[in-house]
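A.B. asks: Below is one structure. I have some questions about it.
The values are calculated or read from the model by the stated rules, or taken from the named source; none is laboratory data. Small disclaimer: the values here were computed from a predicted structure and weren't measured. Using ideal geometry, Cβ is built from the backbone for each residue, glycine included, and neighbour counts are taken over all protein chains shown. Quick note on the areas: whole protein, heavy atoms, side chains included, nothing else; ligands and nucleic acids left out. Shrake-Rupley method; radii C 1.70, N 1.55, O 1.52, S 1.80 Å.
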Amino acid sequence: MSEVILICTVGGSHQPILTALNECRPSHTLFVCSGTDPATGRPGSSAMVIGKDKPIEVRRGDSVEGLANLPTLAGLTEGQWEYVEVPPDDLDAAVAIIIRNTLDLRRRFPGARFVADYTGGTKTMTAALVISGLELDGVELKIVTGARANLVKVHDGSQSGLSIDVEGIRMRRAMAPYLTAWGRFAYGEAAEGLAGLSAPRDPLLRAELQISTGLSRAFDTWDRFDHRAALEQMEVYRQRIGSNAGAWLNAVKLLVASPDDPKREPARLWDLWLNAQRRATQARYDDAVARLYRLIEWTAQWLLVTKGIRTGDLQASEIPPTIQIHPTAKGNLKAGLRDAWELAAYHLDGPVRAFVEAEREHLLDHLLRRNASILAHGDRPIDRSDWNAFSQWAEAALIPLLRSEAARVGLKNLCPQLPTAPLWRP
């Protein structure tokens, strides 16, 4: 049987501490006490532990009975106990002192079971021991309680120890920073961190950890354009996430639809636009601009495909005299981004031609900046101002065209941005 180390806060009453000592029968005890008050000079609760003669006063009606100190009353011998003083009303300092001493005890008593009883002491000392117990894995929390005749204290003789279940508190505290990562679309970071946590004993907590990990993986794969894997992960938790994820489930199904579905391609274009925005949120402006460049190119390619024209393998009859496209080394005809838009303007006319005529110079200006970046053909880093200018132009000019053309082929409900908070919580 492993050793038990008891850590208990000491306040005005000695009986709850004796109850804790009798129930735990610790191998070693750390008494957490308050020291002498610097303002009044009154002794703190450390006198109950190290005071000579009879430092503990027990009032029985009008009389006062003196008792020996706590180690003596509990029959503790030298080496079985120690004490530490903490500020009675300084939470931060008290927590630091308790954690430091607990870690020291762990080094001295490896493999021991640690129990923290927070019955006694000031409210601040109690809070400090609870916080310390939650911060340190493997520390059991306990409180001595009993029948209450009033709001001041429990009736002497009725006290007993009550173990406090803190598994849920510890698990949610451990999960919190990883779920917060959703706020910046760092789903991969969340999935890795959550997967590294130990599975709790409680089945409901275990389910919470499983769905948190599974959906973090789902949106991580989505964020990396692996839409089929994302759908498979989300389907596992369909019953739990219910209507909260309806828009995303419908969207990801469309992203993996048959290539013959006319709504699939514009849905994927929209997904790329949202992906670029996520990279910008993470201050990855080079990546965001690269995605926006691809969106512009892909949009022109899609528009032409709706007319049966493929920019990677053009027929001479599809190229008007006003556009000069020269054969490649293999003899086929290919259109780059700017020529693709000129072809789209020629073949689709209407809103597409109006867009090209109005935005030709603006588009060229943004493409030149992108081409000078290190992810294109230059060595210039892309910063926030570059992204802001490029994305604001896209919002004002390209995205309205994409929306209208998507609606023309039946795609009217575009996917919202990926979630920044858990879907399975109310």
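A.B. asks: Let me have the relative contact order for the range 1-77, percent, based on Cα pairs under 8 Å that are six or more residues apart.
C.D. replies: Result for the range 1-77 is 25 percent.
A.B. asks: Given H placed 1.01 Å from N in the peptide plane, which residues other than close sequence neighbours of Glu140 have an amide H under 5 Å from its amide H?
C.D. replies: Those lying under 5 Å, H to H, from Glu140 are Phe114, Val115, Ala116.
A.B. asks: Can you classify the range 345-410 as rounded, prolate or oblate using the Cα gyration tensor, where a ≥ b ≥ c are the square roots of its eigenvalues, rounded means a/c under 1.5, and otherwise it's prolate if a/b beats b/c and oblate if not?
C.D. replies: Note, shape of the range 345-410 comes out prolate.
A.B. asks: Same structure again: Regarding the range 251-327, what's the average projected area of the Cα-atom convex hull, expressed in nm²?
C.D. replies: With every direction weighted equally, the projected area is 6.7 nm².
A.B. asks: Amide H neighbours of Thr119 under 5 Å, at least 5 residues apart or on other chains, H built in the peptide plane: list them.
C.D. replies: Thr9, Val144
A.B. asks: Now for a separate question. Give the percent of DSSP beta bridges with both residues in the chain that are antiparallel, rounded to the nearest 5.
C.D. replies: Just about 35 percent of them are antiparallel.
A.B. asks: Find, among the trypsin sites (Lys or Arg not before Pro) in the range 1-95, those assigned to loop by DSSP (not H, G, I, E, B) with at most 12 other beta-carbon atoms within 10 angstrom.
C.D. replies: Hits after loop and neighbour filter: Lys52.
A.B. asks: Rank His366, His326 by accessible area, highest first, at a 1.4 Å probe radius?
C.D. replies: Putting His366, His326 in descending order of accessible area: His326, His366.
A.B. asks: While we're looking at this one, here's another question. Find the lysine pairs in the chain meeting two conditions, Cα atoms under 20 Å apart and a separation of 8 or more places or different chains, and report how many there are.
C.D. replies: 8
A.B. asks: With the contact rule set at Cα under 8 Å and sequence spacing of 6 or more, what percent relative contact order holds for the chain?
C.D. replies: In percent, rounded to a whole number, it is 11.
A.B. asks: Okay, moving on. So what J values fall out for the range 265-275 if you push phi through Karplus, 6.51 cos²θ - 1.76 cosθ + 1.60 with θ = phi - 60°, rounded to Hz, Gly and Pro as x?
C.D. replies: Result, ordered by residue: 5, x, 5, 6, 5, 4, 4, 5, 4, 5, 4 Hz.
A.B. asks: Can you give the angle from 0 to 90° between the axis of helix 227-236 and the longest principal axis of the chain, with both taken from C-alpha atoms, to the nearest 10?
C.D. replies: For 227-236 against the chain, the angle is about 40 degrees.
A.B. asks: Follow-up question, since we're still on this one. Given the rule -39500 (n - 2.57) for each run of at least 4 DSSP H residues, summed and divided by the residues of the chain, what is its mean residue ellipticity at 222 nm, to the nearest 500 deg cm²/dmol?
C.D. replies: When only DSSP H runs of four or more count, the value is -15500 deg cm²/dmol.
A.B. asks: Here are several values of volume of the Cα convex hull per residue in Å³: [x] 141; [y] 207; [z] 232. Which one was derived from the coordinates shown?
C.D. replies: Answer by label: [z].
A.B. asks: While we're looking at this one, here's another question. With a cut-off of 8 Å between alpha carbons and a minimum separation of six or more residues, what is the relative contact order of the range 332-426 in percent?
C.D. replies: Reported as a whole number, the value is 17 percent.
A.B. asks: Would you please classify the overall shape of the range 1-121 from the alpha carbon gyration tensor, given that a ≥ b ≥ c denote the square roots of the eigenvalues, rounded means a/c under 1.5, and beyond that prolate means a/b larger than b/c while oblate covers the rest?
C.D. replies: Cα axes put the range 1-121 in the oblate bin.
A.B. asks: Continuing with the same structure: Got a number for the accessible area of Glu232? Probe 1.4 Å, square angstrom, nearest 10.
C.D. replies: Accessible area of Glu232: about 120 Å².
A.B. asks: Follow-up. How much accessible surface does Leu204 have with a 1.4 Å probe, in Å² rounded to 10?
C.D. replies: Solvent-accessible area, nearest 10 Å²: 140 Å².
A.B. asks: Can you give me the angle between helix 246-255 and the longest principal axis of the chain, using Cα atoms only, in degrees from 0 to 90, rounded to the nearest 10?
C.D. replies: 40 degrees
A.B. asks: Right, another one. Considering amide H positions built from the backbone, and no H for Pro or chain starts, which residues 5 or more places from Ile56, or on another chain, come under 5 Å of its amide H?
C.D. replies: Amide H neighbours of Ile56, under 5 Å, 5+ apart: Leu67.
A.B. asks: Another question, if that's okay. Relative to the first principal axis of the alpha-carbon coordinates of the chain, what is the inclination of helix 123-135, with its axis defined by its Cα atoms, in degrees from 0 to 90 and to the nearest 10?
C.D. replies: 50 degrees
A.B. asks: Here's another thing I want to ask about it. Heavy atoms only, 1.4 Å probe, whole protein assembly: order Cys415, Cys33 by accessible area, highest first.
C.D. replies: These residues rank, largest area first, as Cys415, Cys33.
A.B. asks: Can you pull a Stokes-Einstein diffusion coefficient for the range 279-426 at 10 °C (1.306 mPa s), Rh from Kirkwood over Cα pairs, as a whole number of µm²/s?
C.D. replies: Value of D from the Cα-based Kirkwood radius: 93 µm²/s.
A.B. asks: A further question on this structure: For every other residue with a beta carbon closer than 10 angstrom to the beta carbon of Arg338, add +1 if it is Lys or Arg and -1 if Asp or Glu, then tell me the sum.
C.D. replies: My count for the surroundings of Arg338 gives -2.
A.B. asks: Go ahead and set up a Gaussian network model of the chain, Cα springs under 10 Å, then flag whichever of Asp117, Asp53, Asp202 fluctuates most.
C.D. replies: With Cα springs under 10 Å in the chain, the top fluctuation among Asp117, Asp53, Asp202 is at Asp53.
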